[in-house]
Structure formats: structure tokens, C-alpha cells
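The values are calculated or read from the model by the stated rules, or taken from the named source; none is laboratory data. Worth saying up front: this structure is predicted, and the values here are computed from it rather than measured. Cβ sites come from the backbone with ideal geometry, for glycine too, and all protein chains shown count toward neighbours. In case anyone asks, the SASA skips ligands and DNA or RNA and just uses the protein heavy atoms, side chains included. Shrake-Rupley method; radii C 1.70, N 1.55, O 1.52, S 1.80 Å.
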Amino acid sequence: MSWFHFFRPKSYCSKSFGRGIHADVAENEEELFNKAYEAFEKKEILNAYTFFFNSLMNYKNGLPNQNIILTREKESLKFIIYQGSAKINGFTTNKKLYAEVTMVKAKNANVALKRYALERNYQFTYVNYCSDGDYIKLKLNLDNITMTPKKAFYPLRELALNADYDKEHMLSEFEQKELEDIGHIQKLDAAELHVKYKYLHIWIEELHAKIQTLPAEDSIGMQAFLYLNFLFKIDYLLVPKSKIYQKMTKKLQNYFAEEDALPEVKNAELAKYILSLEKLDFDEFSQNFYEAKYTFSQIEKSSYDEFVDFIEESLIKLRWYKNNRHPQIIPTIYSYIALYALYNYGLNPAARKLLHIYICVIYAEYMNALGCKGYYDTQKNRFLESEIIAQIDETVARYKHQYKLLSAFGDELDFSSLNDFSNSYFSALKNLDFHEA
């Protein structure tokens, strides 16, 4: 373990942001995965699974995150995996792998929920819903005869992601009052919830004010940027769960999926949903937040080239608005680039951290209110230039062993204004080399 892990950096923040896994993988993750392959080939099944599960464990500041707990016995390996609201209990022997998530008590499930569970079975590849009479469970049962790490990874990922999603869906859509096995999730403290509630309304007021500045005609595209950026901002910075997350996700999916719908109709749907958020009282708002551990990423891995293409496409749109004298939308588009990428692309940890540094500049006031570090003094309209550069240097140094051609770019940034800074930041991100050693 490097000396870095023994000391928390000045920018340390215990809060979680976005939908990624808020921890680092093991430094020897690839080595452990390869050892699992070798052990499976030798039919050393329990050793193989031990290596495999250790490769999935994650760390915060060099310390185990306890997202997976293993118990080795003579002829079996028991495990617990945490994925948001889901607690996966399982075991493996030389012959089979079994895992399950207890969802709800069977007697408490109404007919609609039971029908939903049956219909979900047709959507799964490896897992299925069942009932043991007392509980409705989501389970996985695999044969270990020809097992490999990949053959174990995807079924366990399907179990974990869908159990977490469905638990929240049951609360959101079926008004299921009691879920099982959720003692591991932690409520946020009242102070943090009040900050999030306060900024939800600050951002809604800012959104309304910005909408008012738009021209009466030809503003549909700008409205879309404002509404979408707002929702991505709520998702990344507030990190709601349960009903808010479920409904917001559905609104965003519908927006991008309905290609034939008129843009103004889609904008109106987003505006209507944002109005519903504005009407939430504090108690109802607070029920949508908790802290939990995650093992599997919700987002499929993306190549960095995809992100670069998205930056270039977005900057073309930005230049159009700039050339047509719509300066009020420019900061929103820069923010949208970062937040859309964090929502949609499975970027490598280094890229995510570099984007987070940018977020800590443009949303510095919120970060400071949350007890984290913002890198812009909103009172004096001044960048914390040395700290921004130090954070970039630290992030690049941390991942240099993996990406040999990755280079720091803090000295290339333009600190003349927020727009100039944003432009220089994304120009630098476009030129980063994330080819692995």
C-alpha cells in the first residue's frame, strides 16, 4: 500500500456523488482476477472464488469498504455482497454456486407485485424470482463444472443490480411498505438532508429565472439543455434513491427514447416533473435518501473515445449558440457535458475523478455547504487555482501506473472566467491518453 493511503488529502470528502461505485478497486485487482482463472482451470473451486471475490472488493482511502464479506469453511465458501438496497447471501461448493436476495414477505405482496415478479422472470438471463412460502426471493443457481471468473461475474451482477432496482421499484410503484434485509443501509443525517433540500429549491428557482431569459421563439433547444442539466445535476449531486430516482430515471429514459415526440412536448413533460419535485415537503423528500455500499457498476464500461466524441459534438452546439448570441445558455451546456457523461458513460475511475474536480469548481457553493471542498470562491468570483491544479496532479499521479501516457494539464487551464475555464478544461480532457500500459 502506498504512503498516500495513510493520509486523507485536504480535499477529502466522505459524501457520495453519482451512480458510480464510490470507492477504488483493489490495486492488484487484475492479478486476483487472473489467479481466479488459473484456480478454476485447476479445479480449485473454493480458492478460485476466494480470488474472484477479493478482486471485486473495493476500498476507500486504502481501507476495505466491506462491500463483500467472505467466510471460508472446509467444503464451502459463504459470502455476502452489498449492492445498494440489496444484500446478497450465498455460498459456493466445488459443485455449485448459489445466491439469493430476500425481497419481501410473501403474505405482504399484493397481486400486482406478484405479477410483476413473474413478468420479470422473462427478462432475466441467469436469475429468477421464487417463493419459499414465507418470502419472495430473487435467486441464482449455477453449476461450477466449467466455471470461469467471467461466467460468475455476469450472473452475480445481474442478481445484484436487479435486486437493488426491484427493491426500490416495489417501494415506488407498489407502495410496498416493508422490504426485507435492508438493515445495512444508513440514513443520512438531518443536516445533510436539509442542505440537499435547500439546494433543490435554489436550483429550481435558478432554473425558472433562466427560462425567463430565453427568447420567446426558437428556445426549445435551450429549454431542453436547462431541464436535462437540472435533472442530471439532481442525480449526481443530490443522489436521490427510491421514488425520486425511479421516476426521474423513467423521465430521462422516455425523453431520449421518444424520437418521434415533439421537442416541446418532451420539454413540457420534464417541466411538469420538476414542478412535482418543487412541491415535495421535507419529510417526503427525506425518505428518498440513504447511504449504501455498491459492488457492481450500474453503467456498462465505455471507451474514452466515446466521451471525447460527445465533447466534440456538444462543443459544436455550444459554438452555434455562442455565434447566434445566446450567451445565457453557455454555462449550462458546459455543465451538461460533464453531468451527462457521468450519468451515461462508464468511464474509468481517473476520468470520473477529473470530471468531479470540474464539478467541484462550477458547483463550489453546494460542495462547501455539504462539507466538501469547492474550488471557486463565489463571493470574490475567484478560482482556487493552486488547489485545482494540485487535485489534477494528484489524480494523474494516482493512476499513472495504469495509464503511462496520462499527463497533468493544470498549467494549461484558462482561469480568466468560468466559461474560459470550462472551455480549456474540456479541451484538455479531449487530449488525454488513457491507453493502458
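Given contacts defined as C-alpha pairs under 8 Å and at least six residues apart, what's the relative contact order of the chain, whole-number percent?
15 percent
With +1 assigned to the C-beta of every Lys and Arg and -1 to the C-beta of every Asp and Glu, and no other charges, what is the dipole magnitude of region 367-437 about the Cα centre in debye, to the nearest 20?
Once rounded to the nearest 20, the dipole reads 200 debye.
Hey, in the chain, which Cys have no second cysteine's beta-carbon closer than 4.7 Å?
C130, C360
Per residue, how much accessible area does the chain have with a 1.4 Å probe, in Å²?
50 Å²
Using DSSP to call loops (not H, G, I, E or B), can you name the trypsin sites (Lys or Arg not before Pro) in region 312-378 whose Cβ has at most 10 other Cβ atoms within 10 angstrom?
Listed in order of number, the matching sites are R325.
How large is ³J(HN,Hα), in whole Hz, for each residue of region 186-196 in order, when computed from phi with the Karplus curve 6.51 cos²θ - 1.76 cosθ + 1.60 and θ = phi - 60°, using x for Gly and Pro?
In residue order, the calculated couplings are 10, 6, 6, 6, 4, 4, 5, 5, 5, 4, 5 Hz.
Taking square-rooted eigenvalues a ≥ b ≥ c of the alpha carbon gyration tensor, is the chain rounded, prolate or oblate, where a/c under 1.5 means rounded and, failing that, a/b exceeding b/c means prolate?
It comes out oblate by the Cα gyration axes.
Take the alpha-carbon centre of region 266-303, take the same for region 81-109, and report the distance between them in whole Å.
Between the Cα centre of region 266-303 and that of region 81-109, the gap is 26 Å.
Specify the longest stretch of the chain that does not include any exposed loop site, a site being one of the GluC sites (Glu not before Pro) with a non-H, G, I, E, B DSSP assignment and at most 16 other Cβ atoms within 10 Å.
By the stated rule (loop sites, at most 16 other Cβ atoms within 10 Å), 301-435.
How long, wide and thick is region 185-266, going by the Cα atoms along their three principal axes, in whole angstroms, largest first?
Rounded to whole Å, the extents work out to 45, 28, 14 Å.
Can you list the HN-Hα couplings for region 293-304, worked out from phi with the Karplus curve (6.51, -1.76, 1.60; θ = phi - 60°), rounded to whole Hz and with x for Gly and Pro?
So the Karplus estimates, Gly and Pro as x, are 9, 10, 10, 10, 6, 6, 9, 5, 4, 10, 6, 5 Hz.
In debye, nearest 20: dipole of region 188-430 around its Cα centre with unit charges on the Cβ of K, R (+) and D, E (-)?
That gives region 188-430 a dipole magnitude of about 340 debye.
Can you compute the modelled spin-label distance between Q253 and D283, with each label point 7 Å from Cα toward Cβ, in nm?
Once both label points are built, they end up 3.1 nm from each other.
Given 0.36 nm per residue, what is the gain on full extension from K322 to E300 after removing their alpha carbon distance, in nm?
4.6 nm
I'd like to know which of S427, Y245, A86 lies farthest towards the positive end of the charge dipole of the chain, counting +1 on Cβ of Lys and Arg and -1 on Cβ of Asp and Glu.
A86
How many percent of the accessible area of region 165-210 is carbon or sulfur, using a 1.4 Å probe?
Carbon with sulfur: 53 percent of the solvent-accessible area.
Students often forget the sequence filter, so: which lysines lie under 18 Å Cα-Cα from K210 once same-chain residues fewer than 8 apart are removed?
Filter leaves K233, K272, K322.
Just going by the charge dipole of the chain, with Lys and Arg at +1 and Asp and Glu at -1 on Cβ, which of A26, G133, N58 is farthest out on the positive end?
Of the candidates, G133 comes out farthest on the positive side.
Largest first, how would Y126, Y37, Y199, Y343 line up by accessible area (1.4 Å probe)?
Y126, Y37, Y343, Y199
List the aspartates and glutamates whose Cα sits under 20 Å from the Cα of K107, skipping any in the same chain fewer than 8 residues away.
Partners found: E119, D132, D134, D166, E168, E173, E175, E178, E180, D181.
Here is the link list: K78/K167; K114/K247; K60/K266. Which ones come out longer than 29 Å on Cα distance?
K60/K266
Taking the Cα centre of region 24-174 as the origin, how large is its charge dipole in debye, to the nearest 20, when only Lys and Arg (+1) and Asp and Glu (-1) carry charge on their Cβ atoms?
540 debye
In whole percent, what relative contact order does region 1-124 give with Cα contacts below 8 Å and a gap of six or more residues?
About 16 percent, as a whole number.
Using θ = phi - 60° and the Karplus form 6.51 cos²θ - 1.76 cosθ + 1.60, what ³J(HN,Hα) does each residue of region 39-51 get, whole Hz, x for Gly and Pro?
5, 4, 4, 7, 6, 8, 4, 5, 5, 4, 5, 4, 4
What number, in percent, do you get for the relative contact order of region 188-430 if the mean sequence gap of Cα pairs under 8 Å and at least 6 apart is divided by its residue count?
19 percent
Which of the aspartates and glutamates could be linked to K251 by a straight reach, that is with a Cα gap under 13 Å, when you skip same-chain ones fewer than 8 residues away?
Result set, ordered by chain and number: D235, E269.
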